[in-house]
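Undergrad: My questions all concern the structure below.
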Amino acid sequence: MALPGRYFRPALAITFALVAVSLFFVFMVVPNERVMGAVQRIFYFHVAGAIACYTAFAVVLVASIIHLATQSLKSDLLSAAAGEVGFVFCTIVLITGMIWGHSAWNTWFRWEEPRLVTFLVLWLIFLSFSLLREFGDPAKVSVHASILGILGAASVPLVYLSIKLLPQSARLHPEVLEHGGLKHPAYWQGFGLSVIAMLALTGVLTWLRYRIGVVTTQLNTLATKEDSLDA
Amino acid sequence: MPDTFPDLFWGYTAIWIILALYIWSLGYRLSKLERAAKQRGLVTDERATTSQD
């Protein structure tokens, strides 16, 4: 397999190293949390995964706007790549959140909690985005997907702020960072490393997925030329 | 404090399974496309395609 670009292998190596270091830190350096015990360590990749997915959706937003404004092929391919990778991280966040929630609150999912519901809606929007890219009308899919991508990315602030819709006493999803959690320095260091590792992984996966879009476009262009010659 | 290690184990297992499956699918799709491109004599260079902009 011809990897995309000569900088890809070093980027991949650095990413794996970052992931390995962050895992080591999370499991061997960070102390056990007093109340929740071992399961609290899911926090590092759960929240880092959420940050990675929001970043990917921000890329979708910018690339989609550029594509609608300029019909740029590169921005369309980037939007498709970032949307798919963001959806994968969104899935990771949802599943780890449910596992952690079951451990901490004895419930897999609670429909009264706005953060959980809005995040599920975000997941469904980007599932639709990926399915549209896969099965949509080729003549119109780039425009339709760009519009859906913009709407999906625009719902990210709603996910983040939804937790404020309920009074403090009724909230289920914690606001660790906002309320000064992570007091031990190792917690912050572990969190920082996890965020950097997940962002690096998002970048590398988006790059690889972008490459798939490039080769697919080349093949489609060739097929179109062959069809027009045959005609 | 109850033992929450099994939940931690399943949480991280879910992360790595999802990532492994996705990375495998990316590799599989890219290999398949590049084989098809090679059969058609295409130079699979990013600059060649995106020069359409």
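The values are calculated or read from the model by the stated rules, or taken from the named source; none is laboratory data. Every value quoted in this text rests on a predicted model; they were computed, and no experiment measured them. No Cβ is skipped: glycine too gets one built from the backbone with ideal geometry, and neighbour counts run over all protein chains shown. The accessibility values were calculated without ligands, DNA or RNA, using every heavy atom of the protein model including side chains. Shrake-Rupley method; radii C 1.70, N 1.55, O 1.52, S 1.80 Å.
Undergrad: Taking the stretch B:1-21 on its own, how many of its residues are open to solvent by 40 Å² or more (accessible area, probe 1.4 Å) and touching a strand residue (DSSP E or B) at 6+ places or on another chain (Cβ under 7 Å)?
TA: 1
Undergrad: Looking at (1) part of a helix (DSSP H, G or I); (2) out of contact with any Asp or Glu (no Cβ under 9 Å at 6 or more places or on another chain), which one does A:Trp111 not meet, given that it meets all the others?
TA: Evaluating A:Trp111 over (1) part of a helix (DSSP H, G or I); (2) out of contact with any Asp or Glu (no Cβ under 9 Å at 6 or more places or on another chain) leaves (1) as the failure.
Undergrad: Look through A:Phe27, A:Phe87 and report the one residue that is open to solvent by 30 Å² or more (accessible area, probe 1.4 Å), touching a residue at least 12 places away in the same chain (Cβ under 8 Å) and in contact with a Lys or Arg (Cβ under 9 Å, 6 or more places away or on another chain).
TA: Criteria check complete, one pass: A:Phe27.
Undergrad: Does any residue of the stretch A:41-48 turn out to be free of Cβ contacts under 8 Å to residues at least 40 places away in the same chain, open to solvent by less than 60 Å² (accessible area, probe 1.4 Å) and closer than 22 Å to B:Ile18 by Cα?
TA: yes
Undergrad: Scan the stretch A:65-80 and give yes if some residue there is in contact with a Leu (Cβ under 8 Å, 6 or more places away or on another chain), in contact (Cβ under 8 Å) with a residue 12 or more places away in the chain, assigned to a helix (DSSP H, G or I) and open to solvent by less than 50 Å² (accessible area, probe 1.4 Å), otherwise no.
TA: Looking for residues that are in contact with a Leu (Cβ under 8 Å, 6 or more places away or on another chain), in contact (Cβ under 8 Å) with a residue 12 or more places away in the chain, assigned to a helix (DSSP H, G or I) and open to solvent by less than 50 Å² (accessible area, probe 1.4 Å), one finds none in the stretch A:65-80, hence no.
Undergrad: So A:Arg6 clears everything in (1) in a helix (DSSP H, G or I); (2) open to solvent by 60 Å² or more (accessible area, probe 1.4 Å) except one condition, right? Which one?
TA: Here A:Arg6 meets the rest and fails (1).
Undergrad: Taking the conditions exactly as written (modelled with pLDDT of 75 or more, under 30 Å from A:Lys74 (Cβ atoms) and out of contact with any Ser or Thr (no Cβ under 7 Å at 6 or more places or on another chain)), does A:Leu151 satisfy them or not?
TA: When the stated conditions are applied, A:Leu151 passes them.
Undergrad: Right, another one. Which numbered condition trips up A:Phe129, out of (1) within 14 Å of chain B (Cβ to nearest Cβ); (2) closer than 20 Å to B:Leu26 by Cα; (3) of a type in the set (Phe, Trp, Tyr)?
TA: Of everything listed in (1) within 14 Å of chain B (Cβ to nearest Cβ); (2) closer than 20 Å to B:Leu26 by Cα; (3) of a type in the set (Phe, Trp, Tyr), A:Phe129 misses just condition (1).
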